[in-house]
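Right, one structure below, let's go through it.
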Amino acid sequence: MSIAKLENIHKVYHIGKIDFPALRGISFSIEEGEFLSIAGPSGSGKTTILNLLGCLDKPSQGKIFLEEKDITALPTSKLADVRRKNIGFVFQTFNLIPVLTAMENVEFPLILEGQHDPKERRQVTEDILTEVGLKDFLHRRPNEMSGGQQQRVAVARALVKKPKLVLADEPTANLDSVTGEEILQLMLELNQKTSTTFVFSTHDKMVMDFARRIIRLRDGKIESDQKVNKK
């Protein structure tokens, strides 16, 4: 089943009197369970694609489908509902709330959704933090954890509501190579265990080495789209 599909997507940003075309006729589908890297140099349009898939922005032209439903014309409030219920995000800067513990950061999306009674909610939160290797860090705040541990919290937060799609924007950018590889291995294992679809925006070769499919962009167009066979 197709998790997401972009059809002839154009995106033009208006900066003063200048029009800047970020995407120029992009079309591709993402199937359930993919581990996909959207790669390219700065300005190629990869972050713009993540913003569109994440319901954070709308295209200037073309159509976007999530689970075969056309969301292109949805109002902003409805897009926010789709985003909150179906999509998880992992950012390069972690984006954790500094005054909250790991438990509280990960539990927060469930509170927003009104999911579970408090006892069940805490158990779900503790389970996912344990799964990402942070059983002994539940009550630490971000400034009491390393960058890799903070990113593990961010991964747990993205997955706690069991989204169909996780979007990761340069998730290794602020990590050393060893820690970055550990985070990628963790996400790959979660992808294989849960069939959650992961889409990365990156120019990091290591992220591309982990990907099972790579879409390369240049100047807002698809340069290549290839599946990668892994042993």
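Some observations on this one:
- Quotient of the Cα radius of gyration of segment 20-104 and 2.2 N^0.38 Å, N being its number of residues: 1.24.
- With a Förster radius of 30 Å applied to the beta-carbon distance between residue 65 and residue 206, the computed FRET efficiency rounds to 0.45.
- Rounded to the nearest 10 degrees, the inclination of helix 76-86 to the longest alpha-carbon principal axis of the chain is 50 degrees.
- Ignoring lysines fewer than eight residues from residue 162 along the same chain, the ones with Cα atoms less than 25 angstrom from its Cα are 5, 46, 58, 69, 78, 85, 119, 135, 193.
- Mean shadow area of segment 72-225 over all directions, Cα convex hull, nm²: 10.3
- Protection-proxy order for peptides 5-16, 131-142, each taking the mean of Cβ atoms within 10 Å per residue, highest first: 131-142, 5-16
- Among 207, 217, 23 - extreme Cα towards positive end, dipole of the chain, charges at beta-carbon: 23
- Taking 0.36 nm per residue of separation and subtracting the current Cα-Cα distance, fully stretching the chain between residue 42 and residue 95 would add 16.9 nm.
- Label-point separation in nm, residue 8 to residue 192, each point 7 Å along Cα→Cβ: 4.1
- Near-label residues of segment 162-201 by backbone N, under 16 Å of a point 7 Å along Cα→Cβ of residue 28: 166-170, 197-201
- Simple Cβ-charge dipole of the chain, Lys/Arg +1 and Asp/Glu -1, about Cα centre, in debye nearest 20: 480
- Expressed to the nearest 5 percent, the antiparallel share of DSSP beta bridges inside the chain is 55 percent.
Values in this text are rule-based calculations from the coordinates and carry no lab data. Since the model is a prediction, treat every value here as computed from it, not as a measurement. Backbone-built Cβ (ideal geometry, glycine too); neighbour counts: all protein chains shown.
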